[in-house]
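Here the structure is laid out as C-alpha cells; the discussion comes afterwards.
The values are calculated or read from the model by the stated rules, or taken from the named source; none is laboratory data. Predicted, not measured: the structure shown is a model, and the values here were computed from it. Neighbour counts are summed over all protein chains in view; Cβ atoms, including those assigned to glycine, are modelled from backbone coordinates with ideal geometry.
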Amino acid sequence: MASVTTPSTATGDPRSTQGNSANGEAVRAMRPSTLGALGLGSVLDIFSKGRLPVRADELVDQVFGPKEERGAMVISGACGVVGAGKVMQFASRLLPYGVPVIALDLPGANDGVQQQFDGLVKSFGKETANAIMNNVIRLNYDGTSLPKELERYKPKLLLEAIPEKLELKKAHYALFRETFPGIHIWSVTSGFPSAQLGVDIAHPSFPHQINKVFEIVEARPTPQTQLLWALGLVPMKVGDHWSFVLDVFFCGLLQATLQFCRHTNTPYWKADKYVRRLIGPNPFRAHDVIGAKGANYLTWSCLHHLAEAYGPLFTPDEAFTARMRSGQAWYPPDHFRPLVNWSLDAEQEQALEAIVEGALLQMTSIVLHEQRADLPTMNAIGELCAQFSNGILARARRMGPERIAQQVGAYHRLFPAAAGTTWYPGTFMNMAEGAWTQLYVNAEHNGKAGVITISRESYNDDVDAELNRAIDWLLGQGIHRVILTGDFHLATQLVGADTLAFHPALSDEREGERISLAWSRTARRLHHDFRASVGFIHGKRCMGGMLELMMHCHQLVAVEDTLLAMPEVTIPVLPGMEGCHWPFRKADAEGRKKLLRLLLEGRPVKAADATGWLVDHAGTLEDAVRTAWQVMEQDAAALKPRPFAEGPVKAPDAAEAGLAPVDGPLKEARAAIARCVAEACNAPVELALTVQARHSAAFMTGSLCRKGRLGSDYDKMMKH
Ligand SMILES: NC(=O)c1ccc[n+]([C@@H]2O[C@H](COP(=O)([O-])OP(=O)(O)OC[C@H]3O[C@@H](n4cnc5c(N)ncnc54)[C@H](O)[C@@H]3O)[C@@H](O)[C@H]2O)c1
C-alpha cells in the first residue's frame, strides 16, 4: 500500500502526509497525526526529538504570565452544570502552577461548586480537595458590571459557561473586553458558531469534571489549547459550524429516536434499550441523567439552529418543543413502567435501523462534506463523548456506500421531510483510501525507523485490521524497526480488548477462537516482522489485550508510574492474546511467579515495579521516550533484549506464587487461568498459540463467564 495524501481538513492545515522531521529527515505517514491540528507536530517528532512538543509550565507562563505576576482563570456561570464541573477540573490542574480560578456567578445562583466537593474528596482525598478549594475564589456580581475585586487577580483567560443565549453571551464578552482588553475568551457553547459569538470555542463534550474532551474552534493553534493538552485534557480541533461535531451526533440521535417512537408508538425507555444495542448510547436516559430541563433545552436549541441552517432533517417536532418548555424527564418513574415486557417485531426493528442509522448517516455526510474535523477525530468524538460503540465513520466503513445509500433511502421513505435536507452520498465513496483506512491506527517513519500509534483505548477487529495495514505499509516502505505506542492524544490509556467484540463468542466457541487466533497472529508480527520493535507504554494505564499486544514487541519501555494490569480474572475471562505464555518465555523463575500473580490477582502494578520481569526499561516520560528511540537507532547497544524461549518453559505452581486465598467464582477463574498458563507454557511457542486460543474460547462459552460481567453486560444490552 502506498502512502496516501489526505484531503484538507477543518484544521485549516491541509497537510500532505510527507514532511520533514525535527532533524530535517523526510517523514512519511499513512495519514496526518491528529496532534498536528493543534500545532503539536506528530508522534514521530516526540520520539525523534526526545521530548514532548510543549511543556505545561512554559505554557502557563505564556497564558497567565510569569510567576511573579501570574494572572487568573475566570469561569463565569461557575455555579451552573458546566461551570461547576470545569471549576473543579481547572482548579485541580492549575493548582501546582499557582493559577487561581475565579468562580463568577450571579448572587443567589445554585451552589453547584460546593456540590462538587464530595467528588473532589473522592478523587484526591480530603487534604488535596481542601487545597483545590482554596485555589477557587468565588465572586458574585450583578451581570452588568464586573466586580472591582476581579482586577486584583489579573484575569488572563475567561471560560464562559453562562446560559445558551446569544445576546447574553455577547454582552458578557463586551463587559470583559472593556475591563480586560487582552483577555482570551473561550465559550463552552453547545451550538453557537464562533463567527456568531466573536470568541473562540472550547466546548466540553459533557459537563462533568471528569470529562476531558473539548471541541476547539480557533483560527490557528493557540497556547491556551496547547495548555489543555499539556494538562492532560483532550482538545480536538473542529470546524466553525452550528453545533460542532458532537452535538450533531448527540442531538441528532435523540431526534431520530424520537421520530422512531412517533412512527411506531414505542415508549421512550423501550426505544432507548434498542438504540443502546444498535448504536451504543441511551439517548433519553442521557438527557435525564444530565438533567432533563437543561439538557432538553440545549438539544432543542441545537436542533432548532441546525434546522435553520440545514433543513428539516433537524427540525424538532411539536412534542419535543413541548418537552423543552416543560423540562419533563423522558423516563417515567419506575413504578409507572409496565410489568409486562414486549419486544419490537422484525418490521419495527427494521424501521428503527432505517431511521436511526439513516438519519445519523445523512447527518454524518453533512459533517464530512464540511470537513468539520479530521476523520480520526470525527470518529473518536462519537466514541469518547457520545458513547457510540463504534465511531460513526467506522460504522459507515463497515457498511459501504451502497448499504449507506439504501439506509438513507429507507429513512427518507419513512420521513420524506428529511429528504428536503441535502445529503452527500459522495462523501462515502472513497472509504478504501487515505485517512478512511486508518481511523484508529497510524504509522509514520523517517526512512529508518517507524512509529505505529493507536488512537483507540480498546482493541477490536477494526483496530486489528488497521494495525495489520500499518505493519504492511511500514514493511513495504523498507522499515524494519518500529515503536508501537498510544497516540499521545485521543487514547489517554489503553484499557484492553473491547468486550463488545466478545458478545458473539459467548455462544459460539469458534468465534472466540477466531478472535484469539487472529489478534494473536497480528501481535506476533511485532515479534517476527521487525528487526527491532519496542512497545512504548505511557498514559494512565495499559491493561489486558492491549498489554498483551505490547508484550509481543522485542522490548517494553514504559513511563514509570503507568499502571499495568491483567484484569481478566476479575471479569472473568481468559487472556486471549497470549498473555498466559508469551511474557513467561522472557522471564526467569522469580519473574514468572510475579507474572502468574499479575494474571491470577488481576491487580495493577506500576511499570517501575515490573522492570526485569515484564518491562525492560521504566523511567520518566522523557527518559522513556529517549530510550525507545535509542533502541531504534542502536538496537541492543541501547537496551539488551531479554532472551526469548521458543521451547517449553516451566510455569510456576500457583501455590508458589504467594497468592492470598479466595473462594467462589474468583477461585474457579484463577484455576482456569493457571491451567491455561501451565499448558501454554508447556508447549513450544508455535503450538502455544492454539493452546491459548482454545482455552480462552472454551471459557467464554462456559457458565462462569456467562454469569460474570461479560455475560451480564451482554444480557443488559440484548434482553428487552
Ligand atoms: N449542560 C450540558 O450538558 C452542557 C454541555 C456542554 C456545553 N454546555 C453549554 O454550557 C453553557 C451553560 O450551560 P449549563 O447547562 O451549565 O447551564 P446552567 O443553567 O446550569 O448554568 C448557567 C449558570 O450561569 C449563571 N449565569 C447566568 N447569567 C450569568 C451572567 N450574566 N454572568 C455570570 N453567570 C451567569 C447562572 O446563574 C447559572 O449558574 C451553555 O452555553 C451550554 O450550551 C452545556
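Here is how the numbers come out for the structure above:
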quantity: Filtered residues of the stretch 154-163 (kept if within 12 Å of the ligand (Cβ to nearest atom) and either within 17 Å of Glu218 (Cα to Cα) or buried (at least 20 other Cβ atoms within 10 Å of the Cβ) (or both)); calculated: Leu158, Leu159, Glu160, Ala161, Ile162
quantity: Per-region count, the stretch 33-79, residues charged (D, E, K, R), under 25 Å from Val482 (Cβ atoms) and crowded, with 18+ Cβ neighbours inside 10 Å; calculated: 1
quantity: Flag if Glu127 is out of contact with any helix residue (DSSP H, G or I) (no Cβ under 7 Å at 6 or more places or on another chain), away from the ligand (no atom under 15 Å from the Cβ) and over 26 Å from Leu38 (Cβ atoms); calculated: yes
quantity: Residues being farther than 30 Å from Ile290 by Cα and within 16 Å of the ligand (Cβ to nearest atom) - total across the stretch 57-83; calculated: 0
quantity: Sole exception among (1) out of contact with any Pro (no Cβ under 7 Å at 6 or more places or on another chain); (2) more than 11 Å from the ligand (Cβ to nearest atom) for Ile137, by number; calculated: (1)
quantity: Test: residue in the stretch 619-636 that is closer than 17 Å to Val677 by Cβ, in contact (Cβ under 8 Å) with a residue 60 or more places away in the chain, surrounded by 23 or more Cβ atoms within 10 Å (Cβ to Cβ) and of a type outside the set (S, T, N, Q); calculated: no
quantity: Top-ranked residue of the stretch 621-649 - restricted to ones that are among the β-branched types (Val, Ile, Thr) and part of a helix (DSSP H, G or I), ranked as nearest to Arg706 (Cα to Cα); calculated: Val625
quantity: Selection count where residues are within 18 Å of Ile479 (Cβ to Cβ) and at pLDDT below 70, scope the stretch 23-34; calculated: 1
quantity: Boolean, Leu368 is in contact with a helix residue (DSSP H, G or I) (Cβ under 8 Å, 6 or more places away or on another chain) and assigned to a helix (DSSP H, G or I); calculated: yes
quantity: Yes/no for Ala171 being within 15 Å of the ligand (Cβ to nearest atom), under 32 Å from the mean Cα position of the chain (by Cα), among the hydrophobic types (A, V, I, L, M, F, W, C) and in the same structural domain as Pro96 (by TED's automatic domain parsing); calculated: no
quantity: Unique match (being closer than 14 Å to Ile355 by Cα, crowded, with 22+ Cβ neighbours inside 10 Å and away from the ligand (no atom under 11 Å from the Cβ)) among Thr257, Thr266; calculated: Thr257
quantity: All helices (runs of 4 or more DSSP H) inside the stretch 34-148 with 2 or more residues being free of Cβ contacts under 8 Å to residues at least 24 places away in the same chain; calculated: 56-64, 117-124, 126-134
quantity: Residue satisfying all of: in the stretch 499-540; touching a Leu at 6+ places or on another chain (Cβ under 9 Å) and within 17 Å of Asp616 (Cα to Cα); surrounded by the most Cβ atoms within 10 Å (Cβ to Cβ) among these; calculated: Val534
quantity: Enumerated helices (runs of 4 or more DSSP H) restricted to the stretch 650-720, each holding at least 3 residues that are under 30 Å from Trp269 (Cα atoms) and either touching a residue at least 40 places away in the same chain (Cβ under 8 Å) or among the acidic types (Asp, Glu) (or both); calculated: 703-707, 709-718
quantity: Qualifying residue in the stretch 709-720 (condition: over 21 Å from Ala497 (Cβ atoms), surrounded by fewer than 16 Cβ atoms within 10 Å (Cβ to Cβ) and modelled with pLDDT under 95); calculated: yes
quantity: Filter result for Pro193 (modelled with pLDDT of 95 or more and either outside the structural domain of Arg70 (by TED's automatic domain parsing) or under 32 Å from the mean Cα position of the chain (by Cα) (or both)); calculated: yes
quantity: Answer residue from the stretch 88-112, given it is within 11 Å of the ligand (Cβ to nearest atom) and surrounded by 23 or more Cβ atoms within 10 Å (Cβ to Cβ) and is nearest to Val60 (Cα to Cα) among those; calculated: Ala103
quantity: Selection count, the stretch 200-232, where residues are among the hydrophobic types (A, V, I, L, M, F, W, C) and at pLDDT below 95; calculated: 2
quantity: Residues (in a helix (DSSP H, G or I) and farther than 18 Å from Ala654 by Cα) located in the stretch 593-617; calculated: Ala607, Ala608, Asp609, Ala610
quantity: Ala465 being aliphatic (A, V, I, L, M), farther than 30 Å from Ala230 by Cβ, in the same structural domain as Gly711 (by TED's automatic domain parsing) and not in a loop (DSSP other than H, G, I, E, B); calculated: yes
quantity: Criterion (touching a strand residue (DSSP E or B) at 6+ places or on another chain (Cβ under 9 Å), of a type outside the set (Gly, Ala, Ser) and either surrounded by 24 or more Cβ atoms within 10 Å (Cβ to Cβ) or at pLDDT 95 or above (or both)) met by exactly one of Thr364, Thr377, Thr437, Thr427; calculated: Thr377
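Conditions (1) within 14 Å of the ligand (Cβ to nearest atom); (2) acidic (Asp, Glu); (3) in contact (Cβ under 8 Å) with a residue 60 or more places away in the chain, marked per residue:
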{"position": "His184", "(1), (2), (3)": "no, no, yes"}
{"position": "Ala195", "(1), (2), (3)": "no, no, no"}
{"position": "His203", "(1), (2), (3)": "yes, no, no"}
{"position": "Val217", "(1), (2), (3)": "yes, no, no"}
{"position": "Pro221", "(1), (2), (3)": "no, no, yes"}
{"position": "Leu227", "(1), (2), (3)": "no, no, yes"}
